[in-house]
Amino acid sequence: MDMDRIDSRIERALAANARAEKIFVGLALTIVAFGVIAMVLAYRNVHPLVAAATALLQALLWYPVAGIRQLRRENSSLQAVRVLVASVPPDRAIDEITKLLALVRGETPAPPVSRRQRLAG
Amino acid sequence: MKRPAEAALEATLRDLSRLAPTTAPRLALRRNGVRRSRRGRLVWLLALGAVLAALAVGAAYSVGLGGVGLIAAGILFAALVVLAMSRFGVYGETARPPSLFSFLLVAAWISLVFEAIVIITEPADAPHLVGIAVAFSVVVVVGLLIAAISWSRVRSLWHGCLFGRWDLS
């Protein structure tokens, strides 16, 4: 098996995730900045209800935070793949990578494939 | 539209399955369709509640029932709807909501925030009722149109913006 090919593929996926993470961080900072501006405006105009409404704006932070958490989960899965492929027999590695794939997709892991199913498949 | 990590893991699985052909790679590569259900249900409920709240607030203000307390009433109404729906299982067993509902959620909350700002900052007799009704309708209708016509295009653009060009072949 071509380990260089797998390594390079994982490197590219990690690089794409790093780019996405930077964008998510920028998005989160923008939301915080807008919240601060809205709060300052509400303070200057003495408008407590508008100030309270900034909480709604800050709720938008949920999206970048969830995105960053998902990217971190994916990164750890990708890094585990290298070790799995290098150190575990292929059939066992397939089972483990299947679990990682389910984690990345947000699925519950599929039940383990029995020996009978493998032979039948 | 696959994320880079998903595509990389699938490609690695394909490579490995050539070494261990008895492992039934199709089982591994196929999505098993069982997703975490809690988030999906929550978004469903939030979307429906927010849409109904936005409708209630907009309609009430348009017929002259304006006031600061209206926003609280709208939110309370949404919470009651969500509660009733979860009590009677109206939302069904769908684990993940369609994108349309996620977008509807955003559109409804934009409407609510807009209405809240107008109601709070303008006097009750201001000639804004038509504007509010029109803006409210525009937000929801445009949202629905975008969702129906080009939501997948918007998603793919955002996906391209996030991950850039990547080729994992």
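The values are calculated or read from the model by the stated rules, or taken from the named source; none is laboratory data. Predicted model, so just to flag it, every value in this text is computed and none were measured. Here Cβ is always computed from backbone atoms with ideal geometry, including for glycine, and neighbour counts include all displayed protein chains. To get the accessible areas, we keep the full protein, side chains included, count just its heavy atoms, and leave off ligands, DNA and RNA. Shrake-Rupley method; radii C 1.70, N 1.55, O 1.52, S 1.80 Å.
Return yes or no: is A:L78 part of a helix (DSSP H, G or I), touching a His at 6+ places or on another chain (Cβ under 9 Å) and surrounded by 12 or more Cβ atoms within 10 Å (Cβ to Cβ)?
The answer is no for A:L78.
Listed here are the residues, each with its yes/no results for (1) modelled with pLDDT of 85 or more; (2) of a type outside the set (S, T, N, Q).
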| position | (1), (2) |
| --- | --- |
| A:Q70 | yes, no |
| A:R73 | yes, yes |
| A:L78 | yes, yes |
| A:T108 | no, no |
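Might you check whether a residue that is more than 8 Å from chain B (Cβ to nearest Cβ), open to solvent by 70 Å² or more (accessible area, probe 1.4 Å) and modelled with pLDDT under 90 occurs anywhere in the stretch A:5-17?
no
Any residue that is away from every other protein chain (no Cβ under 12 Å) and out of contact with any Asp or Glu (no Cβ under 8 Å at 6 or more places or on another chain) - is there at least one of those in the stretch A:48-60?
Scanning the stretch A:48-60 turns up at least one residue that is away from every other protein chain (no Cβ under 12 Å) and out of contact with any Asp or Glu (no Cβ under 8 Å at 6 or more places or on another chain).
Taking only the stretch A:52-67 into account, find how many residues are open to solvent by 50 Å² or more (accessible area, probe 1.4 Å) and farther than 19 Å from A:V40 by Cα.
Total satisfying the criteria: 3.
Would you confirm whether or not the stretch A:30-39 contains a residue that is in contact with a Gly (Cβ under 8 Å, 6 or more places away or on another chain), open to solvent by less than 50 Å² (accessible area, probe 1.4 Å) and either over 23 Å from A:Q70 (Cβ atoms) or part of a helix (DSSP H, G or I) (or both)?
no
For the stretch A:74-110, which residues satisfy the criterion of being β-branched (V, I, T) and in contact with a helix residue (DSSP H, G or I) (Cβ under 9 Å, 6 or more places away or on another chain)?
Across the stretch A:74-110, the qualifying residues are A:V81, A:V85, A:V88, A:I94, A:I97, A:T98, A:V104, A:T108.
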